[in-house]
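Novice: My questions will all concern the structure given below.
The values are calculated or read from the model by the stated rules, or taken from the named source; none is laboratory data. All of these numbers come straight from a predicted model, not from anything done at the bench. Neighbour counts run over all protein chains shown; Cβ positions are idealised from the backbone, glycine included.
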Amino acid sequence: SVGVGHVYGGGTAGGTGLTTAQMKQQASFAGWDFTSVWTIQEGQTYPYLRWQDNTASEVTVPNVVGQTQADATTAITNAGLTVGTVTTQCSDTVAAGNVISQNLAAGASVAPGTVVNLVVSTGPCGGQQVTVPNVVGQAQADATTALTNAGLTVGTVIQQCSDTVAAGNVISQDPAAGVEVSPGTSVNLVVSTGPCGGQQVTVPNVVGQAQATATTAITNAGLTVGTVTRAYSATVAAGVVISQDPAAGSTVSGGAAVNLVVSLGAPTPGNEPTRREIMTRVYDRFEDLDTNNDGTLSLAEAMAGVSTLPAEVFQAIDANGDNQLSQDELRDYLNIGGVFGCVRRLFVKDLLVSAGGDLLLAGLGLALLAASVSRRRS
């Protein structure tokens with residue numbers, strides 16, 4: 001309501017207790033004189049009446065810092081002002097629900113109806129914790145909404161196949177539901193892409209690519225990089241993929257691993273073993289190296305036992321070009337034929353050494369015997 005109106009002649013407070021709407025009606029009555037009509041001024045929340053010989057009375061902004069929000073609202077309203085925006089903020093010094101600061105400042109002289117904005121405490125910052133909601137099984141959009149409404153944020157979202165969770169729904173979350181965390185904490189999600197068995201992808205060709213480029217191509221195809229084995233190669237530059245397993249063009253389940261053999265470059269000349277010695281070691285350890293028990297060795301399997309194996313030798317021995325070495329292919333390379341060949345390859349050297357030793361001992365024995373006979377005759 002408006003406090004005072006100016007009336008010519010009587011000097012009475014004709015406007016006391018009247019609402020602004022009533023004052024507007026009274027403006028057309030005899031005895032009232034205005035230099036301006038009801039207007040809107042900056043900083044005012046309602047039209048006010050400017051009188052011919054005076055301006056509207058100013059009011060003093062009360063100090064409401066430290067008061068409860070309810071008390072502060074009452075004080076501001078009683079001063080002829082209005083409460084504006086109320087912002088909440090944590091505080092380690094101001095109790096929850098009390099005013100931290102105000103704008104306009106206390107003591108300022110302003111027009112009636114001016115807005116006073118408040119910042120109200122939510123309590124200690126360190127102790128303000130929120131509970132992580134359970135979003136597992138929810139659609140990703142619903143999970144995002146639930147986390148946002150809880151005062152949290154969505155962190156990393158990983159796509160993964162699932163035979164039990166429908167496509168687009170959350171498989172898991174981190175932190176888990178029920179954990180107390182600070183506001184704004186990120187919650188990472190794993191979202192289903194649908195059944196694993198039904199999701200088939202084609203293995204890309206990464207042979208000849210740098211390892212980093214190959215890794216990116218495999219990941220982008222929805223697959224993972226498996227075992228990375230390193231082998232010497234005189235023809236493939238260091239860091240470049242020599243071979244892959246499964247082969248390019250194969251159809252596999254999403255998330256399947258692709259094993260790589262990456263070049264170490266050409267071997268340094270020196271005391272490295274000969275190719276025949278290397279492949280002999282592979283043949284001797286064939287059964288141990290055949291980890292999947294399929295009767296053949298991949299380059300990775302062979303490299304696991306003999307790291308100095310050159311890729312070119314492996315490929316040269318691989319007569320049928322299936323990127324697998326069989327025992328027959330190794331026998332052909334080593335010129336091992338049947339049982340005798342195995343015995344010859346494995347034991348000839350030992351037999352020669354043993355026989356040579358026996359011959360040496362026999363020779364020494366004969367020499368000693370001859371010397372003894374010679375002494376007796378003399």
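Novice: Condition test on VAL203, is it surrounded by 17 or more Cβ atoms within 10 Å (Cβ to Cβ), touching a residue at least 24 places away in the same chain (Cβ under 8 Å) and more than 27 Å from ASN259 (Cα to Cα)?
Specialist: No: the conditions fail for VAL203.
Novice: Would you check which residues across segment 129-164 are of a type in the set (Val, Ile, Thr) and more than 16 Å from GLY178 (Cβ to Cβ) and list them?
Specialist: THR144, THR145, THR148, THR153, VAL154, THR156, VAL157, ILE158, THR164
Novice: Which of (1) over 30 Å from VAL179 (Cα atoms); (2) modelled with pLDDT of 90 or more; (3) of a type in the set (A, V, I, L, M) is the odd one out, the single condition VAL119 does not satisfy?
Specialist: Going through (1) over 30 Å from VAL179 (Cα atoms); (2) modelled with pLDDT of 90 or more; (3) of a type in the set (A, V, I, L, M) one by one, VAL119 breaks only (1).
Novice: Would you call SER186 more than 30 Å from THR68 (Cα to Cα) and surrounded by fewer than 18 Cβ atoms within 10 Å (Cβ to Cβ)?
Specialist: In short, yes.
Novice: Could you go through segment 267-286 and let me know if any residue there is loosely packed, with under 14 Cβ neighbours inside 10 Å, farther than 21 Å from SER233 by Cα and at pLDDT 80 or above.
Specialist: No, the conditions are met nowhere in segment 267-286.
Novice: Could you list all residues from segment 169-188 that are touching a Leu at 6+ places or on another chain (Cβ under 6 Å) and among the polar types (S, T, N, Q)?
Specialist: Hits for segment 169-188 are GLN173, THR185.
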